[in-house]
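In what follows, a structure is listed as structure tokens, so that the remarks can point back to it.
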Amino acid sequence: MRHFLFFLLLLIGSTIKIQAQIIYYVDASKANNTGAGTSWATAKKDLQAAISLAFSPDQVWVKAGTYLPTHDPFASTTPANNRDKTFTLKNGVKIYGGFAGNETLLSQRNWQTNVTTLSGDLGLVNTLTDNAYHVVIAVNIGGAILDGFTITKGYATAPWLSSVTVSGRVIDRFKGGGIYNTNSAANFANCIIKANSADCTDTNDDAWGAGVVNDNCASAFTNCIIDGNSFLNGGGSFGVFGSGMNIVGGTCTLNTCAFINNTSGSGFLDASRGGALYIIASSTVITNCIFYNNSSQNGAVVVGGGAENNLSSFINCTFAGNTSSYAGTTFQGFAKMTFRNCILWNNAPTSSSVAGRDEIYSQDNRVGFQPTFTNCIIRDATGSPLSVVNSVVSGCINSNPLFVNLADADGADNIFMTADDGLRLQCTSPAIGAGTGSTPLVDILNLTRTVPLDVGAYEGGHINSAFNNIPSTNTIVQIGQNAAGVSNYSDCGRQLVAVQSGGSYTIAGTVTAKVWIEATQARQYVKRHYEITPLANAATASGKVTLFFTQAEFDAFNNQIPAPVLKLPLNSGDVAGKQNLLIEKRAGISNNGTGLPDSYTGAIANINPVDADILWNATAARWEVSFDVTGFSGFFVKTQTSVLPLTLLDFTAAKYVNCVKLQWQTSNEINARVFEIERSISNVFDKINSTAALGSGNNFYSYDDCKQFDGRMYYRLKMIDADGSFRYSQIISVQNKTNVSVNVFPNPTKDFITINIYDTRLLNTNIHVVDVNGAILLHQKVNSFTTQINIKEFAGGEYIIRFEDGTNYRIIKNK
């Protein structure tokens with residue numbers, strides 16, 4: 001009995017360490033913050049209240065609505081200056097917007113539909129002067145994510161020397177109206193950063209980054225729109241730099257982002273620089289981004305500073321329709337930047353035009369320290385070979401890139417980075433195939449790129465339409481040219497299948513059919529298909545349909561895409577390929593004729609190969625695949641096994657006993673997919689297990705890793721298709737139980753907490769005791785292997801002991 005009691009006391013006194021991920025919920029419609037915040041039913045009303053509860057790797061899910069900052073960076077709800085209120089991001093905490101309020105999986109949210117706004121509009125609504133200086137700040141943190149938010153109405157306006165110091169970092173109140181990000185590796189995705197402003201009101205200093213300031217950061221911005229941020233026409237600032245975003249030092253990455261309508265107004269003399277971007281002494285990488293309708297006095301798109309210390313690069317970006325007062329509308333300054341596969345077109349200065357310098361005004365005449373332009377389209381590059389003053393130009397051309405519609409850059413839906421964007425390329429664009437290198441792998445619309453790469457943010461040739469009425473006597477779809485009554489249906493000759501009418505046949509008792517090509521799928525994906533449906537969707541067809549494949553088309557397809565599902569004979573005497581023909585019947589099309597269908601009803605079956613006739617037409621030099629369509633209303637022709645990108649719904653790791661249990665859930669599976677689990681205990685990942693996908697629908701997998709290692713282990717999931725394409729999941733980490741570095745006891749306690757240190761690296765570091773709202777109540781240095789903390793005077797409840805390395809321990813104080 002005595003041994004049992006000792007064991008029980010040992011358990012009670014053991015370390016209670018935060019490991020499991022907690023999800024906190026936020027709903028602006030709640031009356032207050034009294035709920036626990038651990039479900040939609042008990043959600044917090046204010047976002048910062050939920051952030052205060054969270055610690056790495058917790059998540060915060062935010063329901064659609066508008067949220068105002070309620071705390072300053074020091075957790076005060078009543079700061080001396082109310083405009084210091086801001087949303088303060090937290091180390092390792094991931095914050096997601098875009099929820100309807102009933103989701104149970106992160107993948108179920110829709111941030112475009114469920115608009116979630118973080119607004120600086122404090123005080124009187126739509127009165128700028130009482131708005132928050134910064135809507136969001138991130139200071140000295142890593143691993144944090146802000147995903148799925150509109151960040152707006154920050155008003156960073158104040159006189160010189162007006163600032164606040166957070167975690168040792170001085171944050172000027174006249175910089176970074178939308179986001180002030182300093183010495184941080186916080187990441188931002190699916191965000192719209194719009195209508196923020198900044199201004200130093202007494203001419204004594206410069207204003208930076210009305211939309212975003214990144215000061216010595218290693219942050220990533222992915223699929224973000226930076227729109228309509230400004231410096232209020234310069235105001236009192238001596239200079240205004242980077243209205244959309246200002247980047248000073250660091251190694252940020254920007255991928256698939258749109259900088260639009262940002263303006264730097266006018267600073268003192270001509271000190272308005274960088275309407276979209278101002279980058280100084282940084283190694284930022286910008287990929288698949290568009291810059292449109294930005295303006296400033298100098299460098300409407302980007303101004304670079306830092307000379308040889310600025311090694312930033314732009315890869316497959318499109319710069320069009322921007323304006324400045326002086327030369328160098330696209331690029332101006334001193335910087336050793338590189339531009340690869342970029343389009344610089346129709347960016348015109350309004351006041352001072354300089355031949356050969358309208359698009360680019362490099363001001364560094366030192367050879368070896370100048371910007372480089374490789375395989376770009378540059379409007380005012382002259383000479384043979386093309387040249388730009390003080391720049392290194394290689395493989396560039398000055399031909400019109402032939403945008404689909406430069407005047408309507410965001411297309412009919414008025415949304416950038418969608419399939420109808422006017423900055424896409426026409427089929428005859430000289431940008432198609434004019435690029436160099438093999439990356440990026442996808443374009444700004446997530447369509448697969450092929451080598452040789454196209455120039456600009458958009459991979460050319462993805463020009464597809466919805467239904468079109470086509471007489472059956474004409475070609476229904478013919479690669480590379482329009483048939484009567486058809487427009488924008490081609491893929492610039494890159495499709496395998498040409499569908500034509502096979503003589504006389506009847507569809508639903510008429511001679512009219514509809515043809516559509518699914519616009520949302522790139523040509524590498526399994527859903528790439530053509531379908532012929534009757535005019536009346538519920539009816540069935542009768543007669544025959546013939547698919548035509550030229551040998552050249554088939555050869556090009558076979559060389560371009562590995563392992564196609566649809567295999568044709570390689571010569572006129574070989575019919576073995578018939579056995580690999582996969583054509584799916586579709587009975588009962590669910591679409592009502594107003595747009596592209598996205599779901600189907602009725603039976604689905606493959607056409608038996610013996611029911612299809614495969615003939616080589618030597619006169620026409622093509623394969624003709626004919627089959628009977630009687631009794632069903634449409635068909636698919638599968639052209640590729642790859643289904644990347646796979647939707648990975650979840651990938652987690654948790655410890656139990658002496659093993660680590662890995663679990664993941666996926667959707668859209670095919671039998672050919674293989675998962676490889678990789679583990680790292682340093683900086684090298686090694687494969688530890690491999691398993692194949694099981695079938696279609698949502699799938700759950702798990703694997704127990706019982707190999708013992710000391711310290712922290714890292715895992716990632718490699719997902720591999722049959723064609724060899726692969727991608728990785730996010731990296732997750734877990735601390736192995738065999739290496740306990742700290743013991744905190746007794747817990748719960750009434751007065752004292754003892755901390756035993758087993759890891760010498762933790763000696764002479766600081767610890768903080770904080771409450772559940774994040775307020776620091778006690779600060780103490782750990783200068784011996786055993787340290788005691790007096791919490792006798794604390795109120796009863798939960799507290800957190802936080803170490804400098806980010807480790808947190810939850811303790812209970814009894815009354």
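The values are calculated or read from the model by the stated rules, or taken from the named source; none is laboratory data. From a predicted model like this one, the values you see are computed outputs, not experimental measurements. Because the Cβ atoms are built from the backbone with ideal geometry, glycine has one as well, and the counts that use them run over all protein chains shown. Quick note on the areas: whole protein, heavy atoms, side chains included, nothing else; ligands and nucleic acids left out. Shrake-Rupley method; radii C 1.70, N 1.55, O 1.52, S 1.80 Å.
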Self-check item: Loop-located chymotrypsin sites (Phe, Trp or Tyr not before Pro) in region 351-396 whose Cβ has at most 16 other Cβ within 10 Å (DSSP)
Solution: 369
Practice problem: Might you tell me the accessible area per residue for region 183-301, computed with a 1.4 Å probe and given in Å²? | Solution: 25
Exercise. With label points built 7 Å along Cα→Cβ from the Cα atoms of residue 353 and residue 29, find their separation and express it in nm.
Key: 5.6
Quiz item: Suppose R0 equals 22 Å; then what is the FRET efficiency for residue 655 and residue 812 from their Cβ-Cβ distance, rounded to the nearest 0.05?
Solution: 0.50
Self-check item: Amide N proximity, region 55-69 versus residue 798 label position 7 Å along Cα-to-Cβ, cut-off under 11 Å
Solution: 55
Quiz item: Roughly what would the spin-label model give for residue 365 and residue 165, points 7 Å off Cα along C-beta, in nm?
Solution: 4.5
Practice problem: Evaluate the relative contact order of region 339-415 (contact order divided by residue number), counting alpha-carbon pairs under 8 angstrom at least 6 apart; express in whole percent. | Solution: 31
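Find the Cα radius of gyration of region 176-290, compare it with 2.2 N^0.38 Å by division, and give the number to two decimals. Display every interim value, and only then the final one.
Working: Rg = 12.9 Å, N = 115, 2.2 N^0.38 = 13.4 Å.
The value comes to 0.96.
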Quiz item: Arranged from highest to lowest average of other beta-carbon atoms within 10 Å per residue, in what order do the peptides 334-340, 700-706 appear?
Solution: 334-340, 700-706
Self-check item: Whole-percent carbon and sulfur share, accessible surface of region 33-165, 1.4 Å
Solution: 56
Quiz item: Of 108, 54, 156, which is farthest on the positive side of the dipole of region 29-164, counting Cα position, with +1 on Lys and Arg Cβ, -1 on Asp and Glu Cβ, and the Cα centre as origin?
Solution: 108
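Which of the pairs 44/94; 44/153; 687/718; 153/175 have their Cα atoms more than 19 Å apart in this structure?
Values: 44/94 16 Å; 44/153 23 Å; 687/718 9 Å; 153/175 13 Å.
Too far apart for the 19 Å limit: 44/153.
Treat every Asp and Glu Cβ in region 337-438 as -1 and every Lys and Arg Cβ as +1, leave all other atoms uncharged, and give the resulting dipole magnitude about the Cα centre to the nearest 20 debye. Before the final figure, lay out the partial values.
On the way: 5 positive and 9 negative charges, 97 e Å.
I would put it at about 460 debye.
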